[in-house]
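Colleague: Structure in structure tokens, see below.
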Amino acid sequence: MNDCIFCRIAEGELPAQIVFQDDDFVAFIDIAPKAPVHLVVIPRRHVDSFAQVAELSADERARMTVFLTEAADRAGLTSTGYRVVTNHGANSRQSVFHLHWHILGGALLSDSM
Ligand code: AMP
């Protein structure tokens with residue numbers, strides 16, 4: 001069994017509040033939100049983190065960025081604004097080792113990045 005929790009969410013083996021998905025990417029609500037709206041966006045295909053993004057094809061990388069904008073839009077964040085963050089490695093406090101993007105919004109966010 002795959003023990004990557006985000007792979008298992010992508011496979012439908014673990015529950016998640018999915019807000020938008022297509023054949024290659026999934027957006028779901030973060031289980032411990034750091035903002036009023038906090039989405040996690042993943043590629044279905046496992047890549048450990050942003051440092052390995054070259055393992056995705058150029059087409060996947062291009063579509064991933066567009067998917068991020070669509071997920072944010074479906075969450076109602078386009079007009080008010082949002083922050084997109086990805087963590088790689090220990091100093092960033094990455095805790096799930098499947099490439100993912102945080103989309104944060106729904107309020108005026110902290111000015112400390
Ligand atoms: P990071 O610290 O960048 O690796 O972010 C991992 C994120 O995944 C954290 O914000 C967690 O709250 C979130 N998370 C972990 N498990 C789940 C889950 N089962 N469903 C939704 N979000 C999760």
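The values are calculated or read from the model by the stated rules, or taken from the named source; none is laboratory data. What you are looking at is a predicted structure, and each value in this text was computed from that prediction instead of being measured. Positions of Cβ are generated from backbone atoms using ideal geometry, with glycine treated the same way; all protein chains shown enter the neighbour counts.
Colleague: Any idea which of (1) surrounded by 13 or more Cβ atoms within 10 Å (Cβ to Cβ); (2) at pLDDT below 95 is the one Val53 doesn't satisfy?
Modeller: If we test Val53 against (1) surrounded by 13 or more Cβ atoms within 10 Å (Cβ to Cβ); (2) at pLDDT below 95, just (2) comes out false.
Colleague: Separate question: Can you find, within segment 66-85, the residue that is nearest to Val37 (Cα to Cα) among those that are surrounded by 12 or more Cβ atoms within 10 Å (Cβ to Cβ) and of a type in the set (S, T, N, Q)?
Modeller: Among those that are surrounded by 12 or more Cβ atoms within 10 Å (Cβ to Cβ) and of a type in the set (S, T, N, Q), it is Thr78.
Colleague: What number of residues in segment 6-37 are crowded, with 16+ Cβ neighbours inside 10 Å and near the ligand (Cβ under 7 Å from one of its atoms)? Before the answer, list the steps.
Modeller: Pass one, segment 6-37, residues crowded, with 16+ Cβ neighbours inside 10 Å: 6-10, 16, 19-21, 24-28, 30, 35, 37.
Then drop every residue that is not near the ligand (Cβ under 7 Å from one of its atoms), which leaves 9, 16, 28, 30.
The qualifying residues number 4.
Colleague: Could you list, in sequence order, the residues of segment 66-82 that are over 23 Å from Asp22 (Cβ atoms) and not hydroxyl-bearing (Ser, Thr, Tyr)?
Modeller: Gly81 - this is the single residue of segment 66-82 that is over 23 Å from Asp22 (Cβ atoms) and not hydroxyl-bearing (Ser, Thr, Tyr).
Colleague: Kindly state which strands (runs of 3 or more DSSP E) lie completely within segment 15-113 and contain at least 3 residues that are more than 16 Å from Cys4 (Cα to Cα) and free of Cβ contacts under 8 Å to residues at least 60 places away in the same chain.
Modeller: Working: elements: 18-21, 25-29, 37-43, 82-85, 101-105.
The strands (runs of 3 or more DSSP E) meeting that bar are 18-21, 82-85.
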